[in-house]
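The values are calculated or read from the model by the stated rules, or taken from the named source; none is laboratory data. Only a predicted model underlies this, so the values are computations on that prediction, with no experimental measurement involved. Here the Cβ is made from the backbone with ideal geometry for all residues, glycine too, and neighbour counts use every protein chain on show. Calculation scope for accessible area: heavy atoms of the full protein, side chains included, ligands and nucleic acids excluded. Shrake-Rupley method; radii C 1.70, N 1.55, O 1.52, S 1.80 Å.
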Amino acid sequence: MPTTILLKNGTVLLHGENDHVAPVKADILVSGNKIAQIGPDISAPAADTVVLDCTAKLISPGFIDTHHHVWQTQLKGRHAYHLLLDYLAPGNTAGALFTAEDTFWGQLGGCMEMIDGGTTMVLDHAHITHSPDHAPKAISATVSSGIRSVFGYCETATVTSWTPLTFAAAPPDWFVPQLVELAKQQPFGDGRVLLGFAFDSYFLPKEMVVERFERARSLGLQLITSHYVRGPIIGQHSVVEMLESYGLLSSDVVFSHASSAPPNDAILLNKANAHVSATPDTELQMAHGFPVAFRDDLFPVASLGVDCHTSNSGDMLTQMRLALQAARGMHNEKFVAVGKNPWTMKHTVEQAFNLGTIKGARAVGMADQIGSIAVGKFADLVIFDTESPAMICGAEHDPVAAVVMHASVRDIETVIVDGQIRKSGGKLLPVAGLNGEQLEWKDVAKKLLESRVRIEAEVQKIDMESAKSRLMESWHMKQENFVDSL
Ligand SMILES: [Zn+2]
């Protein structure tokens, strides 16, 4: 692996004051895992420097995905008609059907899909801790892929029976000792993979919630991440207000969704510098409420995530575009509904680009290390081919618009994470498998297909409708809140 990479003659998207993004013709020198120099006419410092000609290429900071369940790959394709309640048993709880080995391949596949799409950092809500072997395998796959991650070790509910669907009342005996041990061992993968904590059990008494937050913080975990979806499934209470009242709301907390968050939540989140991750694809489909990324009071603390690559695309280009166009659509519709036209366009491509880059870095507490291209930051870079059919001419006129409005995964030619090339010439480079063997993507794909067959055989044994009913009962959902017309 090269220790020095020189990107010659590219158009570099540089962040300036007030998060303004400007294209600058420049070379970039990567030394080790950091950006060492940005400027004109940089010479290769050593004979073994890898020099990439970036003429007609656009160089962007790597994208940052702040909410993703990375392990789920083998379950792709089955949620196209699912609302949140439909998804819970065959999507979320179905993780209990994964062996630790299945988890490795699912996690590796998820990470590789992200790198293919230019995501270089993910906040992983890893609700896959179904045995003491699951989380270590998932971490190992994350390391193998080369991505940067905060692995949100999760207090996943243990399934004790599928018929009827029943969960253990408390986490298993090994859970806390493993969390403590992993916290001691971190970081993993040469510093790329940090440990975080994923927590959703807000039904617990206050002292138990406080205990978990204090433990995570005393162990030095990078972040605490929680789902927050107000509505008939989880309930109408504010988790933000709850954490504030417990004295726990702080800048290390990232809430996924926060759709329908009341105005007071926005005040509390901004005050605490806690963040939200909007995931437009799943939120729009599954009736979470409208994505909050462009909401005026939440934009300062907003970022974007994929959530479920089993239900929708796993890349941040799609999330940036969807968040922007959905917000514009909602704004425009207010005028259309009363027979008017808006005079001006609301929301910019630059804001969308920032949600996927520097604002994601702020959400994960790493704005001084990632999220923009600057000397001293980690070399997490995405190189687009501006002469592709999709990007041609667009990058000449407005490179940020070319990325947000025109680019697809296909246009991403090279991805560098932590100074290492992980995608080159439009193709993912080999990774280490379960036993350290070198695998091409097609080998990983073969493993995923084998694993999917095994998991699907287990899924077929389960009555998912009965599981859904049991979830409604045990989570105290009211039947009258689920209707097909108003
Ligand atoms: Zn989620």
Low-density loop positions, GluC sites (Glu not before Pro), segment 371-470 - DSSP coil, at most 15 other Cβ in 10 Å: Glu387, Glu437, Glu440
Probe 1.4 Å, protein heavy atoms only - accessible area per residue of segment 318-384 in square angstrom: 43 Å²
Considering only the chain, percent of DSSP beta bridges that pair antiparallel, nearest 5: 50 percent
About the Cα centre, charge dipole magnitude for segment 63-363 (Lys/Arg +1, Asp/Glu -1 at Cβ), debye: 660 debye
Virtual spin-label span in nm between Thr348 and Phe335, 7 Å along Cα→Cβ: 1.8 nm
Surface accessible to a 1.4 Å probe, Met242 within the full protein complex, Å²: 40 Å²
Accessible surface of the chain, 1.4 Å probe, proportion on carbon and sulfur as whole %: 54 percent
Per DSSP, loop trypsin sites (Lys or Arg not before Pro) in segment 338-438 with at most 16 further Cβ within 10 Å: Lys340, Lys346
The chain, helix-only ellipticity at 222 nm - DSSP H runs n ≥ 4, -39,500 (n - 2.57), divided by all residues, nearest 500: -9500 deg cm²/dmol
Alpha carbon Rg of the chain, scaled by the compact-globule rule 2.2 N^0.38 Å: 0.96
Degrees, to the nearest 10: 100-116 long Cα axis against longest axis of the chain: 40 degrees
Exposure rank, largest accessible area first [Cys393, Cys111; 1.4 Å]: Cys393, Cys111
Accessible surface of Arg454 - all protein chains present, 1.4 Å probe, nearest 10 Å²: 90 Å²
The chain: angle of helix 441-460 to the longest principal axis, Cα-based, in degrees nearest 10: 10 degrees
List Leu471, Leu284, ordered by accessible area with a 1.4 Å probe, largest first: Leu284, Leu471
With Cα atoms, 0 to 90° folded angle of helix 316-336 axis to the chain main axis: 70 degrees
Protein-only accessible surface order, largest first, of Trp71, Trp441 at 1.4 Å: Trp441, Trp71
Whole-percent pair-distance distribution, where bins are 10 Å wide, for the alpha carbons of segment 117-213: 14, 45, 29, 11, 0
Cα-based reach from Lys427 at 16 Å (exclusive), listing aspartates and glutamates while leaving out same-chain residues under 8 positions away: Glu113, Asp116, Asp315, Asp385, Asp411, Glu413, Glu440, Asp443
